[in-house]
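This report concerns only the one structure given below.
The values are calculated or read from the model by the stated rules, or taken from the named source; none is laboratory data. As the structure is a computational prediction, the values presented were derived from the model and not from experiment. Cβ coordinates were reconstructed from backbone atoms using ideal geometry, including for glycine residues, and neighbour counts include every protein chain displayed.
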Amino acid sequence: MRVLSGVQPSGTLHIGNYFGAIRQFIELQEQHECFYFLADYHALTTVQDPGRLRGLVGDLAAAFLAFGLDPIRSVLYRQSDIPEITELNWYLSTVTSMGLLQRCHSFKDKVGQGMVPNHGLFAYPVLMAADILIVKSDMVPVGKDQKQHLEVTRDIAGAFHATYGDEVFTLPKPMILDRVAVVPGIDGRKMSKSYGNTIDIFGPEKPIRKAIMSITTDSTPVEEPKPNEDSTLYQLAKVFAPKGEEAWVEKAFREGGTGYGTIKKQVFEWFIETFGPARERFDQMKSDPGAVEEVLVDGAGRAREAIAPLMDNVRRAVGIR
Ligand code: ADP
Ligand code: TRP
């Protein structure tokens, strides 16, 4: 099976990104042919500061490698290194109805939050369909919030097939990890860089510790049992607890005697246990940007080779060739 997914270099990586997405990417490379890319064109719909974008792209590539992406086994590339993606984006946009895009939650949410939408943000799902369809991926691992975009991808592929009577695309399936489908942020809403409620993975320890120590809790006294329903700390502690330690979390909430502060300190220790090795590798990668660039250039070459036959078929189907 061919697997594809992308991550936008639009902010500092947080644990929601890892547990909800990147961890699965790394695991999948053991059994499948994987294509992973840095969605820098998508990031332009929100990041419009060139220095910052460059920095975020470098960080994201280093992060993938630090988490264990094997650049020989898997193909890692930058979206903007593949001109065929924007070409396919255009063909797809001409078979995509406005209504389909107007129904997208992600677009409606951003507008609802007061963002003044640009056309890129509106057309975002079409570019995403191009990313996915171009490599003929069978499976697309993503967080729950991206599920609708995959349905849109299937609809767009269907519209293309119906328009041209030529089944050039493979319809991809979403793959959602239910166990940690949505990681809550420290304030209890969905963890997201746009809410400023994240626990970041890389960077200095101090602000990370501070974020964990400020996870919202209620005012139950230390000696009393603590409600775990709707508790953000409970959910986050369960996300971090290593195998076999979930029982410790259960007990700390159920029995009383363990204060929220103690639980948070444990969560911080588990954070360091979980991410310490990747944090070290990330720093090594960052000190050798040439090596990271080499991986991306090699990945782009391999990706372009893989997509060439499909692009021939698409151009022929629409009559451009
Ligand atoms: P953000 O919400 O911080 O802007 P992105 O939209 O860039 O994050 O998400 C990148 C990937 O990480 C996506 O696949 C998304 O589904 C996943 N993801 C982001 N936040 C979470 C979360 N809180 N829980 C689970 N998965 C998440
Ligand atoms: N929209 C995705 C996100 O915000 C990123 C993305 C862009 C993507 N193109 C993709 C994910 C193709 C999977 C497949 O997370």
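Some observations on this one:
- Answer from Val168, Val116, Val183, Val140 - the residue that is buried (at least 18 other Cβ atoms within 10 Å of the Cβ) and more than 17 Å from the chain's Cα centre (by Cα): Val168
- Among the residues of segment 265-299, the one identified as free of Cβ contacts under 8 Å to residues at least 60 places away in the same chain, within 30 Å of Val222 (Cβ to Cβ), surrounded by fewer than 17 Cβ atoms within 10 Å (Cβ to Cβ) and not charged (D, E, K, R) is Gly276.
- The number of residues in segment 132-165 being more than 10 Å from ligand 2 (Cβ to nearest atom) and assigned to a strand (DSSP E or B) comes to 1.
- Whenever a residue of segment 207-235 is under 26 Å from Ile272 (Cβ atoms), its partners that are buried (at least 16 other Cβ atoms within 10 Å of the Cβ) and acidic (Asp, Glu), lying with C-beta atoms within less than 9 angstrom and at least six residues away or across chains, give the pairs Pro207/Asp200; Ile208/Asp200; Ala211/Asp200.
- From the options Leu65, Leu88, Leu60, residue that is aliphatic (A, V, I, L, M), out of contact with any strand residue (DSSP E or B) (no Cβ under 9 Å at 6 or more places or on another chain), at pLDDT 95 or above and in a helix (DSSP H, G or I): Leu88
- None of Gln29, Gln24 is touching a residue at least 40 places away in the same chain (Cβ under 8 Å) and within 11 Å of ligand 1 (Cβ to nearest atom) except Gln24.
- Cβ-Cβ distances below 9 Å connect the following pairs, each with a first residue in segment 118-140 that is free of Cβ contacts under 8 Å to residues at least 24 places away in the same chain, a second residue that is among the aliphatic types (A, V, I, L, M), and a separation of six or more residues or different chains: Phe122/Met98; Phe122/Leu101.
- Restricting Thr198, Thr262 to residues that are surrounded by fewer than 19 Cβ atoms within 10 Å (Cβ to Cβ) and either assigned by TED's automatic domain parsing to the domain that holds Gln148 or out of contact with any helix residue (DSSP H, G or I) (no Cβ under 6 Å at 6 or more places or on another chain) (or both) narrows the list to Thr262.
- Residue match in segment 153-165 (condition: of a type outside the set (Phe, Trp, Tyr), farther than 22 Å from Gly99 by Cα and either under 17 Å from the mean Cα position of the chain (by Cα) or surrounded by 19 or more Cβ atoms within 10 Å (Cβ to Cβ) (or both)): no
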